[in-house]
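The values are calculated or read from the model by the stated rules, or taken from the named source; none is laboratory data. None of the values given here were measured: they were computed from a predicted structure. Positions of Cβ are generated from backbone atoms using ideal geometry, with glycine treated the same way; all protein chains shown enter the neighbour counts.
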Amino acid sequence: MTELRAKTQSSNNQEAKAAEDELSKIVSSGAINVAVENYPELKSDTIMANLQEEIVSTENKLSFAKRGYNRTLEQYRAFIASIPAVFIVKIFPSLVINKEYWRLDETAIKSEEARRINFD
């Protein structure tokens with residue numbers, strides 16, 4: 001078929017006419033079988049959008065948890081510094097829980113950079 005089609009484009013009129021006649025015979029006889037395959041639709045753009053949405057959602061949840069933890073720690077520190085609690089803390093120092101605010105140090109930031117997802 002491809003060769004015949006190429007011959008129809010040739011500069012020789014007699015050869016082009018013969019190729020066109022041959023193509024007409026093939027088409028009219030029904031000798032051409034066309035198979036159309038149904039390939040699945042690519043959905044990578046949807047998958048990437050869902051992944052980005054999930055990453056943003058996870059970051060928002062972590063940020064919310066970080067703010068809640070730091071706020072609770074701040075309230076706890078204010079409570080143990082208040083008048084009634086300060087005396088109890090002096091009597092029972094083992095009741096004091098020494099926790100740090102949730103912050104990223106330099107090693108955590110470098111580790112975070114290594115896990116960065118790049119969509120380029």
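Of all residue pairs spaced 6 or more apart or on separate chains, those with beta-carbon atoms under 9 Å, a first member in segment 85-100 that is free of Cβ contacts under 8 Å to residues at least 12 places away in the same chain and on the phi < 0 side of the Ramachandran plot and a second member that is of a type outside the set (A, V, I, L, M) and surrounded by 10 or more Cβ atoms within 10 Å (Cβ to Cβ) are Ala85/Phe79. Which residue out of Asn98, Asn118, Asn50 is outside any loop (DSSP other than H, G, I, E, B) and not aromatic (Phe, Trp, Tyr)? Residue meeting the stated conditions: Asn50. The set of residues in segment 101-115 that are charged (D, E, K, R) and part of a helix (DSSP H, G or I) comprises Glu106, Lys110, Glu112, Glu113. Give me a count of the residues in segment 88-105 that are modelled with pLDDT of 80 or more and exposed (fewer than 10 other Cβ atoms within 10 Å of the Cβ). Residues that pass the stated criteria total 9.
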